[in-house]
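Q: This is the structure, below, for whatever I ask next.
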Amino acid sequence: MNPLMRGMTQPRTRRDVFRLTGLSAAGLALAACGVQGQKVAPPKADAVADYWAKQTKNGKVVFANWPEYMPEDKGPLERFKKDTGISYEYKEVIQENAEFFGKADPVLRAGQPLGYDIVVMTNGIQLQHMIELGYVVALDQSKLPNFQANAGQKYKERAYDPGNKYTIPYTSGVTGIAYNTEYVKDDITSIESLFDAKYKGRVGMMSDAQEIGNFGMIALGIDPEKSTEADWKKAGEKLKAQRDAGIVRKYYDQSYIDAVSKGDIWLTMAWSGDVFQRQLAGEPVKFIVPEEGGTIWTDNMLIPKGAANPVDALMLMDYLYQPAVAAELDEFIQFVTPVPAVQDLLREKAGTAKGAAKKALEEMVDSPLMFPTEADYAKLRSYTQLTTQQEQVFNPIFQSITQA
Amino acid sequence: MTELSAIELEDVVKEYHSHGEVVQAVKGVTLDIPEGEFFSLLGPSGCGKTTTMRMIAGFEAPSKGLVRLLGQDVTNVPPNKRDVNMVFQSYALFPHMSVWDNVAFGLKQRKTPQEEVKRRVGEMLEIVDLAGREKRMPRQMSGGQQQRVALARALVNRPRALLLDEPLGALDLKLRQAMQIELKRIQREVGITFVYVTHDQSEALTMSDRIAVMNDGLVEQLGGPHEIYERPATAFVAGFIGTSNLLTGAATGGELKIAGGRVLVPGHDGEVTVTVRPEKITIGTEEPARESSAVRGTVAEVVYLGTYNSYAVRLADGAEMTVFQQNAHDATATAERGDSVWLSWRAQHSYVIGS
Amino acid sequence: MRGARFGDRLLHLYTWLVIVWLSSPIAVMILFGFNDKRSKSNTTWQGFTLRWYGELFDIPDLTVALRNTLVIALVSTVITVVIGTMLGLALGRHRFRGKGVTNFLVFAAISTPELVMGASLLSLFVSGNVPRDANTIIVSHVLFSLSFVVVTVRARVVTLDPSLEEAARDLGATAWGTFRQVTLPAIMPGVLAGAMLSFALSVDDYVVTSFVNGSTVTFPLWIVGAVKTGIPAQVNVMGTLIFGIGVLIAIANAVATRRRT
Amino acid sequence: MRRLTPYLLALPSWMWLAIFLVVPMAAMASVSLQTGNAIDGFAMTFSFSNYADAIGAYSPQLLRSLLYGGLATVAMLVIGYPVAYWIAFKAGHRKSVYLFLLLLPFFVSFVLRTISWNFLLSDNGILFGTLKDWGLLPADFHVLATTFAVVGGLTYNFLPFMILPIYVALERVDPRVVEAAQDLYATRAAAFRRVVLPLSLPGVFAGVLMTFVPATADPINAAILGGTSNTMIGNIIQTEYLTNLDYPTASALSFTLMAVLLVGIFVYARALGTENVLEAAAR
């Protein structure tokens, strides 16, 4: 029993209650066991099989996702319920990767269930920590037939999760450059435009260390996936020079998209889906993948350790890979779907649709932001893979620029 | 009058607007207070006496009329530029300042040299008997001490007039009586005009040179204590000041017939209201002589009050009269409850109101 | 005197300017609740519509989030005001052992960065095996609002005349009766100010709540999450309604006080 | 019974503060002295150098936070005091209505308010865009992403926390005391300076405490309204805790911040001539 619980359950005198110092001691004890490390080796294949052999279908699933990541009528989930008889609880509880991890970590570390069967996280430091710390259930590949059949090849070969051991993609997006066509009359093609003194004070960069680091390296012709510490430092110097020259207005989180569509900034690092939604709204923004390259990121579904209904969760994850379901989802989310067949399905739908709906669907089908071409994909790089030790070097290099 | 008037009010009116209605708190007051006078504004609460004083101090601007201090029109002069000071009902001492700082406040505001401030504050604290308590904070003092601080704070400025708003209301009886004498002494010593607002008639009678009795926004009577007591101008004044027996009726040939008796009112005919003070009446069992006013009644109540007895005597028509009888010889009462008695008083003690 | 009246009028105008300034972003929010937007973003004016008012409760999660926020704010405000007023009274009126430490803790609760408070509360709940839900949110909101209530109430209590309470006791009031009929009315401005602060803090909180919410979503949490893909116009409408109801209460209050006097 | 009263009154709050504040703080204090990383674990090494390292690395952000917090507090005082004054003395029986109106925008989520500000203050938005079209402002004029915007945002967001306590203090100033001062030859200005202002100081103190402290620690305004060199210490703590999972540094920075604020309040209380700082702090 931990000291706090003991303190709460034992009868106590008034005097004890006043003894703040005594409670502080309890707090210290609590802290001592609060942040133990528990890096785990990847589970052996037979351990995975063992785990799944013990699990049974329970007829319900709890899905934790980001807001606005599911049509309002919950169509795909409703159909899943009809087809499989599995009821669902859908919770829009994830607002940010870092924050989500920040609050999931103590729970999972204490060996307690998070209360969700599926969680969606972007590839990046937090997802990597989840995997390294053993917070993620290894998937039973044999129970993912739709994924195997329908996922695009690129979505089966992700550096951060080789062999789809722990995750499968929910949706993807591309980090490139967005610019406001009212203020930028040239065609932007190169990443160098972000470093152009012509746009002094009108450039937006991202505050995320990985994202900005990647762009610094891509600008220097370095492939982030193969970068070294020396490369990071070079990229850091380039980004620092960019800041010191007053070119950068601000290091943005999600808010860059409002800034660029209003013209506060003229060009910026950007995520494809955001820009596409603004284009559809008739705002003067354009998205390009720079000729030097951009990055691709993916929001991934995973089953957290201690999940109560892993079998049902896995069924739902796979269900979302049926092309029709994926199409319905993508039409709402408007990011890059991991199921290539969606493009044809939406094209078909556009053929029969009328009026504004038809126009919107046609724009989606033709958009390189939702369906990047092979040429686009060829320019896309993945995030740098970092060990914890590397991260302790990598992050400060770029944070010292974005958080000066 | 050769003396200069310290304070003059000329037909002063104060109106308030409240939800579209106009309320007149003061309905036209004219006063002329000479220098050095101890002047009281007396009346029940809500009669306009405090509003009148606040107009003298400058906290309220009159809706109509003029206020003059020492002959100068100050109607629109703010309070800080008027050479009068005020002692507030709740004292309004500055809670964050010591006794010394409270008393020195006015002098400092007038940029008095530091040496002089020191001397005068010291002197004034002597006068009000607070020397040695300079460092106290107001909340550490008793009500009587706070009252004296308030007095000192106002007087130290040597104002042309001192305005006192029921300054003794919060004190107990003994202290109040002591302070009444004290105030009178101080006033004589410093020789400045005091304007004293009170609802306590005995306080006003004790201290004042002149009294203005106010009722419902108007001055009902203005005069010395003796005049106001003995010759009330209105039934209100007669009733408000001391105890009065009021008798009304039609007089014929200088005599007013009432139930069970007669009241002599020489020289009056027609409808009259007569007031008789209870201490002027003699109570007895024999029918009095023809030259006195006399009335028969039954003793309803006898109250022993130490220096005198108070009788309530019921007349034939049910009206009651109050009679005071001095315990000059022994403490036994002349009459008991239920006794049938004669009340009598001399003709000159029947005062016909308004004559 | 005339100059003074002019100054007062100037200050009156100034007060309204400050109110307008504080409310100006709300005006934009209200306006865009009527925006006939077609895409998910809601930043350019695309025509007038009442559609979002009709579809106000079409996003079930958002409706739930709003309800959660209001219930949590109400409950936590009640708890905070009760225990905060008690502590305010103790600190303002009494001498007792541990007063210094208490004052220090009141200060510490204000000065702890929100993030640290949220993270450490989460560790505590996890260690104590307490499930995170609306209850843990309420507990946390009480914690960070408590000091604000204590400070405002205490400021009021220290100047309260103790003889008032003695008078009430003298007139036969019980200890509780004295508190209810004399002390409480006298400290009411402080209590009310504290309650308003506490409610506003609770409704507004994002950081601490995001740690201790478990799977309970509040209005701010839902909105922060929705920023990524564009905030639906229903959010503006709900904000407008909250604001509108508040204004109505203020007006009703003004009318009621006018009637009474 | 009498002697027990204060303890009984304080008991619920004590329990709350002890369990939900003291215990977690003690845990945090312990974490701030540990070394390690999130993956391999942290161990208690009594590493006081965590503090030196954190302060060394982030002193510019720490000083900047104190500066911004201080500027915003002064601005709030200057803007808020007259409002509190007018409501306390002149608003009559509508006092609570005005207070309510002042606080009303804060019943709407801060995210919405912030988004609205972003829209209003946009470089080419309805405000500045119009002024620029009329040629009243230079084309590159902007408020967002500047120090002014951050301090302005802090001022905006915490203003009610300044106004309310000052109002509470002013509201109990006896108007007759002000009249007494005027009667004693003080001009309106002097009566304010010598009587009203000193009597409202406890409220000012409470207001400063309630605004300076959270404004200095606030990460949100800098993140949303700031530019490239407006990072405040709250943002750093957030990054260290959430992104870098460097719990010891985050804890050490938090304690440093709290200590600096405590010292600041102490100095401020001394400047006001308050004898007992903690008494004053809770006033």
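The values are calculated or read from the model by the stated rules, or taken from the named source; none is laboratory data. These numbers were taken from a predicted model, which means no experiment stands behind them. Every residue, glycine among them, receives a Cβ derived from its backbone with ideal geometry; neighbour counts consider all protein chains shown. The protein model used for the area step is the full one, side chains on, heavy atoms only, and it has no ligands, DNA or RNA in it. Shrake-Rupley method; radii C 1.70, N 1.55, O 1.52, S 1.80 Å.
Q: Only one of A:SER142, A:SER227 is open to solvent by 10 Å² or more (accessible area, probe 1.4 Å), outside the structural domain of A:PRO396 (by the TED database) and of a type in the set (S, T, N, Q); which?
A: Just a single option satisfies the conditions, and that option is A:SER142.
Q: Surrounded by 24 or more Cβ atoms within 10 Å (Cβ to Cβ) and at pLDDT below 85: does that describe C:ILE223?
A: In short, yes.
Q: Checking A:GLU68 against (1) part of a loop (DSSP other than H, G, I, E, B); (2) away from chain D (no Cβ under 12 Å); (3) at negative phi, which single condition isn't satisfied?
A: All conditions are met except number (3).
Q: What's the number of the condition B:TYR308 fails, among (1) farther than 25 Å from B:GLU227 by Cβ; (2) open to solvent by 10 Å² or more (accessible area, probe 1.4 Å); (3) within 26 Å of the chain's Cα centre (by Cα)?
A: The single condition B:TYR308 does not satisfy is (1).
Q: Which of the following residues is within 30 Å of B:ARG82 (Cα to Cα) and either at pLDDT below 85 or of a type in the set (S, T, N, Q) (or both): D:THR147, D:THR187, D:THR155?
A: One residue alone meets the criteria, D:THR187.
Q: For the stretch D:23-35, does any single residue satisfy the condition of being surrounded by fewer than 16 Cβ atoms within 10 Å (Cβ to Cβ) and either among the hydrophobic types (A, V, I, L, M, F, W, C) or within 13 Å of chain A (Cβ to nearest Cβ) (or both)?
A: yes
Q: Same structure again: For the stretch C:216-232, check the following and say yes or no: at least one residue is more than 8 Å from every other protein chain (Cβ to nearest Cβ), part of a helix (DSSP H, G or I), in contact (Cβ under 8 Å) with a residue 24 or more places away in the chain and aliphatic (A, V, I, L, M).
A: Scanning the stretch C:216-232 turns up no residue that is more than 8 Å from every other protein chain (Cβ to nearest Cβ), part of a helix (DSSP H, G or I), in contact (Cβ under 8 Å) with a residue 24 or more places away in the chain and aliphatic (A, V, I, L, M).
Q: Here is a follow-up. Helices (runs of 4 or more DSSP H) wholly in the stretch B:139-256 with at least 2 residues that are open to solvent by less than 10 Å² (accessible area, probe 1.4 Å) and touching a residue at least 24 places away in the same chain (Cβ under 8 Å) - which ones?
A: B:143-155, B:173-190, B:201-207, B:235-240
Q: Among the residues that make up the stretch A:258-267, is at least one of them away from chain D (no Cβ under 11 Å) and on the phi > 0 side of the Ramachandran plot?
A: Within the stretch A:258-267 (the criterion being away from chain D (no Cβ under 11 Å) and on the phi > 0 side of the Ramachandran plot), the answer is no, since none of the residues qualifies.
Q: Could you grab me the full set of residues in the stretch B:156-176 that are of a type in the set (A, V, I, L, M) and at pLDDT 90 or above?
A: B:VAL156, B:ALA161, B:LEU162, B:LEU163, B:LEU164
Q: Now, a different point. Can you go through A:PHE332, A:PHE287 and tell me which one is more than 25 Å from A:TYR383 (Cβ to Cβ), in contact with a Pro (Cβ under 9 Å, 6 or more places away or on another chain) and open to solvent by 10 Å² or more (accessible area, probe 1.4 Å)?
A: A:PHE332
Q: Residues of the stretch D:83-98 being facing chain C (nearest Cβ under 7 Å), aliphatic (A, V, I, L, M) and either in contact with a strand residue (DSSP E or B) (Cβ under 8 Å, 6 or more places away or on another chain) or over 18 Å from C:ARG5 (Cβ atoms) (or both), which ones?
A: Once the filter is applied, which keeps residues that are facing chain C (nearest Cβ under 7 Å), aliphatic (A, V, I, L, M) and either in contact with a strand residue (DSSP E or B) (Cβ under 8 Å, 6 or more places away or on another chain) or over 18 Å from C:ARG5 (Cβ atoms) (or both), the stretch D:83-98 yields D:VAL83, D:VAL97.
Q: Give the stretch D:207-216 a look and list any residue that's open to solvent by less than 10 Å² (accessible area, probe 1.4 Å) and not polar (S, T, N, Q), or say none.
A: Those that are open to solvent by less than 10 Å² (accessible area, probe 1.4 Å) and not polar (S, T, N, Q): D:GLY207, D:LEU209, D:MET210, D:VAL213, D:ALA215.
Q: Same structure, new question: Among the residues of the stretch D:47-61, is there at least one that is more than 10 Å from every other protein chain (Cβ to nearest Cβ), open to solvent by less than 20 Å² (accessible area, probe 1.4 Å) and farther than 29 Å from D:TYR247 by Cβ?
A: no
Q: Still on this model: Kindly state which helices (runs of 4 or more DSSP H) lie completely within the stretch A:312-404 and contain at least 1 residues that are under 27 Å from A:GLN126 (Cα atoms).
A: A:323-333, A:374-379, A:388-402
Q: Just checking, does the stretch B:89-112 include any residue being in contact with a strand residue (DSSP E or B) (Cβ under 6 Å, 6 or more places away or on another chain) and buried (at least 16 other Cβ atoms within 10 Å of the Cβ)?
A: Scanning the stretch B:89-112 turns up at least one residue that is in contact with a strand residue (DSSP E or B) (Cβ under 6 Å, 6 or more places away or on another chain) and buried (at least 16 other Cβ atoms within 10 Å of the Cβ).
Q: Quick check on the stretch A:151-174. Is at least one of its residues open to solvent by 10 Å² or more (accessible area, probe 1.4 Å) and more than 21 Å from the chain's Cα centre (by Cα)?
A: No, because not a single residue in the stretch A:151-174 is open to solvent by 10 Å² or more (accessible area, probe 1.4 Å) and more than 21 Å from the chain's Cα centre (by Cα).
Q: Can you tell me which residue among C:PHE211, C:PHE199 is in a helix (DSSP H, G or I), within 14 Å of chain A (Cβ to nearest Cβ) and either open to solvent by 30 Å² or more (accessible area, probe 1.4 Å) or of a type outside the set (Asp, Glu) (or both)?
A: C:PHE211
Q: So which pairs qualify, if the first residue must be in the stretch A:178-189 and closer than 17 Å to A:GLN279 by Cα, the second must be open to solvent by 70 Å² or more (accessible area, probe 1.4 Å) and in a strand (DSSP E or B), the Cβ gap must be under 6 Å, and the two must be at least 6 apart or on different chains?
A: Every condition considered, the pairs that remain are A:TYR179/A:LYS286; A:THR181/A:LYS286.
Q: Quickly run through the stretch A:43-65 and pick out the residues that are assigned to a loop (DSSP other than H, G, I, E, B) and of a type in the set (Gly, Ala, Ser).
A: Listed by number, the list holds a single entry, A:GLY59.
Q: State all residues of the stretch B:59-81 that are of a type outside the set (Phe, Trp, Tyr) and facing another protein chain (nearest Cβ under 8 Å); if no residue qualifies, say none.
A: B:ALA61, B:ASN76, B:PRO78, B:PRO79, B:ASN80, B:LYS81
Conditions tested, residue by residue: (1) open to solvent by less than 10 Å² (accessible area, probe 1.4 Å); (2) in contact with a strand residue (DSSP E or B) (Cβ under 8 Å, 6 or more places away or on another chain); (3) facing chain C (nearest Cβ under 10 Å).
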site: D:LEU120; (1), (2), (3): no, no, yes
site: D:GLY129; (1), (2), (3): yes, no, no
site: D:GLY152; (1), (2), (3): no, no, no
site: D:ILE163; (1), (2), (3): yes, no, yes
site: D:ASP183; (1), (2), (3): yes, yes, no
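Q: Let me ask something additional. So which residues in the stretch B:26-84 are free of Cβ contacts under 8 Å to residues at least 60 places away in the same chain, among the basic types (Lys, Arg) and open to solvent by 20 Å² or more (accessible area, probe 1.4 Å)?
A: The answer is B:ARG54, B:LYS64, B:LYS81.
Q: Same structure again: Name the single residue that is farthest from the other protein chains (Cβ to nearest Cβ) among those in the stretch C:75-97 being open to solvent by 20 Å² or more (accessible area, probe 1.4 Å) and closer than 15 Å to C:VAL139 by Cβ.
A: The qualifying residue farthest from the other protein chains (Cβ to nearest Cβ) is C:VAL75.
Q: Could you list, in sequence order, the residues of the stretch A:138-158 that are within 28 Å of D:GLY41 (Cα to Cα) and either in contact with a helix residue (DSSP H, G or I) (Cβ under 6 Å, 6 or more places away or on another chain) or acidic (Asp, Glu) (or both)?
A: A:ALA138 - this is the single residue of the stretch A:138-158 that is within 28 Å of D:GLY41 (Cα to Cα) and either in contact with a helix residue (DSSP H, G or I) (Cβ under 6 Å, 6 or more places away or on another chain) or acidic (Asp, Glu) (or both).
Q: Of the residues that make up the stretch D:131-144, is at least one free of Cβ contacts under 8 Å to residues at least 60 places away in the same chain and facing another protein chain (nearest Cβ under 8 Å)?
A: Scanning the stretch D:131-144 turns up at least one residue that is free of Cβ contacts under 8 Å to residues at least 60 places away in the same chain and facing another protein chain (nearest Cβ under 8 Å).
Q: Return the only residue of D:ARG176, D:ARG194 being open to solvent by 30 Å² or more (accessible area, probe 1.4 Å), facing another protein chain (nearest Cβ under 7 Å), closer than 30 Å to B:ALA92 by Cβ and part of a helix (DSSP H, G or I).
A: Being open to solvent by 30 Å² or more (accessible area, probe 1.4 Å), facing another protein chain (nearest Cβ under 7 Å), closer than 30 Å to B:ALA92 by Cβ and part of a helix (DSSP H, G or I) holds for just one of D:ARG176, D:ARG194, which is D:ARG176.
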